[in-house]
Each structure stands twice: as structure tokens, then as C-alpha cells.
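The values are calculated or read from the model by the stated rules, or taken from the named source; none is laboratory data. All of these numbers come straight from a predicted model, not from anything done at the bench. Backbone-built Cβ (ideal geometry, glycine too); neighbour counts: all protein chains shown. These area figures cover heavy atoms from the full protein model, side chains too; ligands, DNA and RNA do not enter into them. Shrake-Rupley method; radii C 1.70, N 1.55, O 1.52, S 1.80 Å.
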Amino acid sequence: MLEADLQAQAKQVPQKRFFSAHNAWSYFADNYGLELVATYEPVEGQEPSVQDLARLGEIVRQYSLKTFYAEPQKTTGS
């Protein structure tokens, strides 16, 4: 039941492209007909370089991305 609801909702999402903190969301994208076009953390556990961030900015502009999926533990500085 939950899976069917998620599939139905994903079909209604107008913007199928998104970016995330890392590539783990690719499984979610594959299951629900979405497209993960970029990640903030190109190598797990490694901070992105200035070049990585510049490339991400270009991709965000190119696709007019407005959705970013993150993990709560990744959003706070410590």
C-alpha cells in the first residue's frame, strides 16, 4: 500500500531531476522514475572542492533545480 502511494505521488512530481548530498539517493530515484543529476559530496566522506561546488552550481542552473535531499546529521557543522 505505501509503495503504491509513493509510486503514484512520484508520477505527479513536475520536476523529476534533483541533487543530493551523496549518491545513496540514486536507488530512490531509480525506483520512482526520478533523476539524480548531481551530488554535493562527490566522494563519500570527503568535502567537495571549490571546483566541485562550481560544477554543482552550473548543474543547478542548467536544470533549474530546486530540490536537494540531505541527511539531518550532514546539515549541522560540528
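For the range 45-68, the tally of residues that are under 9 Å from the mean Cα position of the chain (by Cα) and open to solvent by less than 70 Å² (accessible area, probe 1.4 Å) stands at 1. Criterion first (open to solvent by 90 Å² or more (accessible area, probe 1.4 Å), in contact with a Phe, Trp or Tyr (Cβ under 9 Å, 6 or more places away or on another chain), assigned to a helix (DSSP H, G or I) and modelled with pLDDT of 85 or more) does Q9 satisfy it? Yes, satisfied. All of P14, P42 fail the test of being out of contact with any strand residue (DSSP E or B) (no Cβ under 7 Å at 6 or more places or on another chain), open to solvent by less than 70 Å² (accessible area, probe 1.4 Å) and assigned to a loop (DSSP other than H, G, I, E, B), apart from P42.
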